[in-house]
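Following: one structure in structure tokens, then a few remarks.
The values are calculated or read from the model by the stated rules, or taken from the named source; none is laboratory data. This one's a predicted model, so the numbers in the text were calculated from it and none came from an experiment. Please note: Cβ atoms are built from the backbone with ideal geometry, for glycine as well, and neighbour counts cover all protein chains shown.
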């Protein structure tokens with residue numbers, strides 16, 4: 001894995017899964033990890049939506065992000081969003097054939113699938 005890939009926070013599931021955390025980036029000596037609870041919540045939501053078993057949905061990319069509003073930058077036409085920065089995650093899942101991209105707040109209390 002190149003240092004530039006580490007600095008960008010773009011790493012693959014296969015190279016980065018520890019027993020409890022997915023490593024998503026390394027800046028200097030600090031490591032950023034997606035909490036297992038966030039990964040699990042998003043994986044379960046995607047499994048329910050797609051009817052694909054959760055075990056077949058792998059995280060291929062997870063990046064910390066700051067979203068522009070409470071709708072995570074994905075407001076619906078008639079939706080009112082909080083106008084505050086929201087710390088969170090951009091998480092890409094794959095089943096080997098298809099990819100799905102989720103946006104989530106830090107704890108995945110709010111999450112949205114990108115269209």
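The set of residues in region 41-61 being under 13 Å from residue 101 (Cβ atoms) and assigned to a strand (DSSP E or B) consists of 59, 60, 61.
Within region 80-105, the set of residues being surrounded by 14 or more Cβ atoms within 10 Å (Cβ to Cβ) and either at pLDDT below 95 or part of a loop (DSSP other than H, G, I, E, B) (or both) comprises 81, 95.
Within region 93-115, the residues that satisfy the criterion of being within 15 Å of residue 49 (Cβ to Cβ) and in contact with a strand residue (DSSP E or B) (Cβ under 7 Å, 6 or more places away or on another chain) are 93, 94, 99, 100, 101, 102, 103, 104, 111, 112, 113, 114.
Picking from 57, 72, 46, which residue would you name as being surrounded by 14 or more Cβ atoms within 10 Å (Cβ to Cβ), at positive phi and either modelled with pLDDT of 85 or more or in contact with a helix residue (DSSP H, G or I) (Cβ under 9 Å, 6 or more places away or on another chain) (or both)?
Details: 57 fails: at positive phi; 46 fails: at positive phi.
Every option except 72 fails the conditions.
Screening 32, 38 for residues that are modelled with pLDDT of 95 or more and in contact with a strand residue (DSSP E or B) (Cβ under 8 Å, 6 or more places away or on another chain) leaves exactly one candidate, 38.
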